[in-house]
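The values are calculated or read from the model by the stated rules, or taken from the named source; none is laboratory data. Just so we're clear, the structure is a prediction, and the values are computed from it rather than from any experiment. Note: ideal-geometry Cβ built from the backbone for every residue, glycine included; neighbour counts use all protein chains shown.
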Amino acid sequence: MKRLNFSLILLISTCILSLFNAQTGSVSGSIQTKEKVKTGFSVLIENTDFRTETDSLGQFKIDSLPANAYKLIINKEGFEPVFKKFELKENDHFFVTLDVNQYIKSAAIEDVVITGTMKPVKRSDSPVAIEVYSPAFFKKNPTPNIFDALQNINGVRPQLNCNICNTGDIHINGLEGPYTMILIDGMPIVSSLGSVYGLSGIPNSLVERIEIVKGPASSLYGSEAVGGLINIITKNPINAPKLSADLFSTTWGEYNLDLGFKFNAGKNIDVLTGINYFNYQNLIDNNHDNFTDVTLQDRISVFQKWNFKRKNNRLLSLAARYMYEDRWGGELQYNKSYRGGEEVYGESIYTNRSELLGNYQLPFKEKMFFAFSLINHDQDSRYGTTYYIANQKIAFGQITWDKKIGKHDLLFGSALRYTFYDDNTIGTSNSQNENDPEKTWLPGIFVQDEMKLAEKHQLLLGFRYDYNNIHGNIFTPRFAYKWSFNENNIFRLNAGTGFRVVNLFTEDHAALTGAREVVVLNDLKPEKSYNVNFNYIKKMYFDSGSILGLDFSAFYTHFTNRIVPDYLSNSNQIIYDNINGYAVSKGVTLNSDLSFSSGLKFILGATLMENTVTENGISQQQLLTEKMMGTWAVSYKIKPWNLSFDYTGNLFGPMKLPLLNGFDPRKPESPWWSIQNIQFTFDGIKGFEIYGGVKNLLNWTPNKGNPFLIARAHDPFDQNVQFDTNGQAIATAENPYALTFDPSYVYAPNQGIRGFLGVRLNLK
């Protein structure tokens, strides 16, 4: 009886096991990729607990799968999720070979960065935190220039400095434009006089990517890289499309054309040309102050890059750019016949700018490079009756030696920068009020040592010495540490010092516009800064095929000798002096991107910061620096329709604004404000796109809630303003608030809602 029971149990168990085995199968496969390392691809089956990873050969296998229909999901950082549907029958096996090269993200191309360490390195391997943005990112909200394109990058804000001429600069983490260095292909070309206009004429068609470093970089790039730097990487002529064109216009009457094309100028020479043309000639005065809401512009920029093929693939690249811009704003009845006169107020700016860039790899076994840039910038401006005629010439040369010795990845460099600057202001006059152009020599040397302490630990030490012929010795050390828990968890710590020599008139156009007198109380001392940045990056992969990326940073910058303009002491003056105290910029920032297998994508960012000036023991918030900002981009593609949807926007918290006096009826602080945009793109025709949408959906402009933006717009030459013996405006019946003409009350674009429509052509 016991034997019978045992046999029965054994029979039943065998039947059940046989039934189960008969109904299960397996799936295996091989991943084909150009990557040398094929391991680490996550392989899972949707809505199940079945998962594995590829081995070193790119192979995988999942067993014990019941008969059913499945969806295979393959993930790895740098690739779009790959989906493969299959069906298993009883006791079946399914084998798949997947070539994932076509699924490489555009971000994978950008994974090799140069800005953080001045040498090519994988972004994930860089000890310096770098943000990278591709043309695909900027296409979500098309703009006529890079200055406007940066508006949707978290922690970065294009700041307008004049209601009439609409000049501006780039703020990073609340620090003004002069604290940010702008480079093209690693060459520091946009600085000083060019910082106001240099970003306006770079053809978008030539941009391969934009790399942003938030934090100190002075040990490699010099004194201007105090708060961070923006490096605009142009396309390689070899990889660029044969022809690209982007034309769009808006209902406000803006027209922008970006054109790029390449050709071979011989067997070993590839040439890439980019042209940007922008035109806006529409007089709009929606706030009814008889002044143009937006500056009228006519701009053309031509950029050409030559790549030469040499033995052993050594680098030789030359590039040149020319930009001409004619912009003006002012009273609606203004024309060029009133330029510089006192009948009708207008601000008219002519800009001629030319650049020559080059990079040459020396013919040695060692990796040695010589890079140079030559810049000439001419500006002829009229701000009412105020003349500003300036010329700046910059010559820059740099030799670098990239050398690896054991665990040490070394970089040695020597740089020389010569700056000639001349204008018609007190900035270039001597004690006898004679014209005395400023000539600055800035030689420097630097060294950087990147060490791999252990498998997951990297240390970078850097030091730079410069000698300024006016201010003497400059020392800027740097420290960076990177700890990779794994490829999806990376910790970075950066610290360093900065040094900046101030040129008021080239960097702050508020000093020229309007009717205020510029007063410099003392000889301005160079500003010094001490910076520290913490960064943590995490990647998460979900069973559904979704990917979440988090990028968190905390920053702190302490300034001594900070130069802050004083608008309040005298309503008719802007007073400059080194503060008797210190300034601090600190905060935290978080960037996140979330991609769903359905094609829905979110890019979200937020920054909390505090920028204060402490003088004589009293701390105050800096002018025109917000305490909070946020950005977002929501994208979705309906693949059957070849239709993409993008919703982008930004949000800014209140910032302190420059009032004329305590009686000024304008708001002392900006409200919360947001610029939001929507766009639809059709790409159903190969090499061709049609896009359109609405900018500034909420129709928000800074005049809302304010009695006016431009003080005394009806009296721009202060003809009816009465002053006391100290030059202060006096309250009268005609001028009850004791105001003077002032267009510097500006913090946001004054352009309302508008539609746009454009076409793109891309022939490879």
Exercise for the section: For residue 63, state whether it is surrounded by fewer than 15 Cβ atoms within 10 Å (Cβ to Cβ), at pLDDT below 80 and not assigned by TED's automatic domain parsing to the domain that holds residue 280. Expected result: no
Practice task
State whether the residues of the range 342-349 include one that is of a type outside the set (D, E, K, R), assigned to a strand (DSSP E or B) and under 30 Å from the mean Cα position of the chain (by Cα).
Solution key: yes
Exercise for the section: Search the range 680-704 for residues that are of a type in the set (Asp, Glu) and pair each with any residue that is assigned to a loop (DSSP other than H, G, I, E, B) when their beta-carbon atoms are under 8 Å apart and the residues are at least 6 apart or on different chains. Expected result: 683/642
Fill in the blank from the handout: Of the listed residues (450, 438), the one being within 20 Å of residue 534 (Cβ to Cβ), surrounded by 13 or more Cβ atoms within 10 Å (Cβ to Cβ) and acidic (Asp, Glu) is 450
Exercise for the section: Select from the range 40-98 the residues that are assigned to a strand (DSSP E or B) and basic (Lys, Arg) and write down the one among them that is nearest to residue 124 (Cα to Cα). Expected result: 51
Exercise for the section: May I ask you to list pairs of residues, at least six apart or on different chains, whose Cβ atoms are under 7 Å apart, with the first in the range 218-233 being at pLDDT 80 or above and the second being assigned to a helix (DSSP H, G or I)? Expected result: 229/221; 232/146
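A quick yes/no check of all residues on (1) surrounded by 23 or more Cβ atoms within 10 Å (Cβ to Cβ); (2) touching a Leu at 6+ places or on another chain (Cβ under 6 Å); (3) part of a loop (DSSP other than H, G, I, E, B); (4) small (Gly, Ala, Ser):
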residue: 141; (1), (2), (3), (4): yes, no, yes, no
residue: 144; (1), (2), (3), (4): yes, no, yes, no
residue: 148; (1), (2), (3), (4): no, no, no, no
residue: 151; (1), (2), (3), (4): no, no, no, no
residue: 159; (1), (2), (3), (4): no, no, no, no
residue: 165; (1), (2), (3), (4): yes, no, yes, no
residue: 171; (1), (2), (3), (4): yes, no, no, no
residue: 181; (1), (2), (3), (4): yes, yes, no, no
Practice task
Return the only residue of 256, 236 being part of a loop (DSSP other than H, G, I, E, B), in contact (Cβ under 8 Å) with a residue 12 or more places away in the chain and surrounded by fewer than 24 Cβ atoms within 10 Å (Cβ to Cβ).
Solution key: 236
Completion exercise
Among strands (runs of 3 or more DSSP E) entirely inside the range 565-621, those with 1 or more residues being touching a Cys at 6+ places or on another chain (Cβ under 8 Å) and under 30 Å from residue 636 (Cβ atoms) are none
Exercise for the section: Only one of these is aromatic (Phe, Trp, Tyr) and either free of Cβ contacts under 8 Å to residues at least 24 places away in the same chain or in contact with a helix residue (DSSP H, G or I) (Cβ under 9 Å, 6 or more places away or on another chain) (or both): 388, 418. Name it. Expected result: 388
Handout entry: Residues that are in contact (Cβ under 8 Å) with a residue 40 or more places away in the chain and farther than 26 Å from residue 217 by Cα, drawn from the range 421-437
Key = 423, 425, 426, 427
Problem - Test set (1) aliphatic (A, V, I, L, M); (2) under 28 Å from residue 523 (Cα atoms); (3) surrounded by fewer than 12 Cβ atoms within 10 Å (Cβ to Cβ) - residue 445 fails condition number - result: (3)
Handout entry: Candidate set from the range 365-384 (those that are of a type in the set (A, V, I, L, M) and within 26 Å of the chain's Cα centre (by Cα)); member that is nearest to residue 343 (Cα to Cα)
Key = 375
